Each structure stands twice: as C-alpha cells, then as structure tokens.
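> Encoded as structure tokens, here's the structure I'll be asking about.
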C-alpha cells in the first residue's frame, strides 16, 4: 500500500475538507482528489462523500481511517527501531507539550541535550494536555509534557516540576499601585485567557470560582507571547506561568491574597511501547534537572 496515499486520505479525513487538506499537504485540490481516487481504487471501495460543507466518511472510510492510523504508526515504529539499532547519536525525539513547555521548558533542555548529542533531531508539537495525551496514546508522539493528572491509564507519568500560575498586568495598570490585592479587586476586570477546554484554562477558572469570582474572559489565545502582547496593548489581565515572566519588561506580577494557583507538570510516555534510545536518554536528562 502507498504510504503517500494513506497520509493524503488521513489528512482529508482528519480535516474534514479537501480544501483544508490540500493546503496542509501543499497540493492543489485536483491533485489531492486524484490521490483519493487512486486510494479508493486500490481498496476497491468508496471512502468518502463530498457535500457543500466538506466531506463525510462512508462506513468503509471509517474502517480505512482506523487502519491507516495503525499503518502509519507501525511505519514510524519501524523507523524508530532502525534508528535504535543505528545508535543514540542518530536518533529522533517526537515530543509535545503546552505553551509553557514548548516555549520555556523544552528549549533550554533540548539545547543542553544536543550539546552532547548534536545529531539527535527533535520534532515538537504545541497543543493542550488532552491533545498531547491522545497523541502519545496513539503513538503519534513518543513523549509529552502535560498537566497532571494523566487522563489515560495507557500512559506512565514522571513528575517533572511544579509550575506557579501568576496574575500579570501591564506596568501602568491601576492595580499595580503598591497595595496587595484581594480577589474582589479583580471584579469587573477583563482577562485574556488560554483556549477554553485546555487543562490550564480549567485550572485557572476553577481557582477563580473557588475564590468567589467568575472570570470575565474577553479573548482567548494559545500562545503565551500573544497573550502578553494583548495584556500590554489592551490593559486586560492574564494568568500565565511564572516561567514566562523571564526577561519581561512590559508586564508585572500582581499578588492577590488568598489566590494561589499551582500545577504539576509531568513527562508522559506509553506504558506498552519501548522508547527509542534518544527519547529514553532525553527523559533521563529532563528528570535529572527536575527540581522535584
């Protein structure tokens, strides 16, 4: 079976649109349509039906989607096994995490690791904990850095660090004027939040409600630099990891009595899949430098 055709079909199925899939793959719509037609001819079945709003998988298409994912995961496992036999120095690490992990935890860790293993290639993905958990569970990623607790019994977790989530404002915000704040002082303030449904957003919203305040989120973003830029530009407040305040000159932390938000981050991997030599060595490297 042609892996290129399999990848093309999976992209169409996962995006729900020929147009979006073609853009992601860097193909014209007609070229992608020809690939899908070839794939259907190889399998002897119609896999999808087009309609005005995108595509819908047939029953055979849903079977092909599940089998195609297993096929590509097996192919990636085979490549990893070959790299393992070739030795650590030519390995590859597929790892994902949230905005804090990808922006502030992994860059220095990877830089230090690659000083000793310069030929190891890293493939990074930034997404919320639930998506990273699912990617590790399915074998799309070897490793993930997520907010505990782990939502899948198929994964093992190694606690990595405690991450303090702090309230920030731009330097000239009225709430920065010298006094320690109470939660009630935040009433009426607009907040720039992480995307709804992410583990960090749920943690922040729950902590605010437990403190007696319903947060008024006026915009949602994924990337920490974008959140900080909106704080500076709009004057709204935001909760972010204290790690993100390194070298920040335009925003300051606000101390609020009775409000402390902390999460524990962990490195996760699949219980039943052996890590590549490079990934196993990188986990050891992360845990050796862990403060907990």
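The values are calculated or read from the model by the stated rules, or taken from the named source; none is laboratory data. Bear in mind the structure is a predicted one, so any value in this text is a computation, not a measurement. Please note: Cβ atoms are built from the backbone with ideal geometry, for glycine as well, and neighbour counts cover all protein chains shown.
> How do the strands (runs of 3 or more DSSP E) wholly within region 76-151 filter down when requiring 2 or more residues that are outside the structural domain of residue 271 (by TED's automatic domain parsing) and modelled with pLDDT of 95 or more: which remain?
none
> Looking at (1) under 30 Å from residue 269 (Cα atoms); (2) surrounded by fewer than 17 Cβ atoms within 10 Å (Cβ to Cβ); (3) under 24 Å from the mean Cα position of the chain (by Cα), find the lone condition where residue 100 falls short.
(2)
> Can you name every residue in region 238-287 that is within 21 Å of residue 199 (Cβ to Cβ), outside any strand (DSSP E or B) and touching a helix residue (DSSP H, G or I) at 6+ places or on another chain (Cβ under 7 Å)?
Across region 238-287, the qualifying residues are 243, 244, 259, 286.
> Further question on the same structure: Determine whether region 39-52 contains at least one residue that is surrounded by 12 or more Cβ atoms within 10 Å (Cβ to Cβ), in a loop (DSSP other than H, G, I, E, B) and in the same structural domain as residue 272 (by TED's automatic domain parsing).
Scanning region 39-52 turns up no residue that is surrounded by 12 or more Cβ atoms within 10 Å (Cβ to Cβ), in a loop (DSSP other than H, G, I, E, B) and in the same structural domain as residue 272 (by TED's automatic domain parsing).
> Is it the case that residue 156 is outside any loop (DSSP other than H, G, I, E, B) and closer than 25 Å to residue 75 by Cβ?
yes
> Out of the residues in region 192-204 that are without any contact (Cβ under 8 Å) to a residue 60 or more places away in the chain and farther than 13 Å from residue 259 by Cβ, which is surrounded by the fewest Cβ atoms within 10 Å (Cβ to Cβ)?
That would be 196.
> For residues that are free of Cβ contacts under 8 Å to residues at least 60 places away in the same chain and under 15 Å from the mean Cα position of the chain (by Cα), scanning just region 133-150, find the one that is nearest to residue 69 (Cα to Cα).
Only one residue fits best here, namely 135.
> To continue, here is another question. Filter region 21-36 down to residues that are without any contact (Cβ under 8 Å) to a residue 24 or more places away in the chain and within 13 Å of residue 55 (Cβ to Cβ) and give me whichever is surrounded by the most Cβ atoms within 10 Å (Cβ to Cβ).
Of everything passing the filter in region 21-36, 21 is surrounded by the most Cβ atoms within 10 Å (Cβ to Cβ).
Okay, residues lined up against (1) at negative phi; (2) surrounded by fewer than 16 Cβ atoms within 10 Å (Cβ to Cβ); (3) part of a loop (DSSP other than H, G, I, E, B); (4) not assigned by TED's automatic domain parsing to the domain that holds residue 125:
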| residue | (1), (2), (3), (4) |
| --- | --- |
| 167 | yes, no, no, no |
| 179 | yes, yes, yes, no |
| 220 | yes, yes, no, no |
| 229 | yes, yes, no, no |
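> Another question, then. State which residue pairs qualify: first residue assigned by TED's automatic domain parsing to the domain that holds residue 178 and inside region 247-263, second residue in a loop (DSSP other than H, G, I, E, B) and crowded, with 17+ Cβ neighbours inside 10 Å in any location, beta carbons under 7 Å apart, and separation of 6 or more residues or different chains.
What qualifies is 258/211; 259/211.
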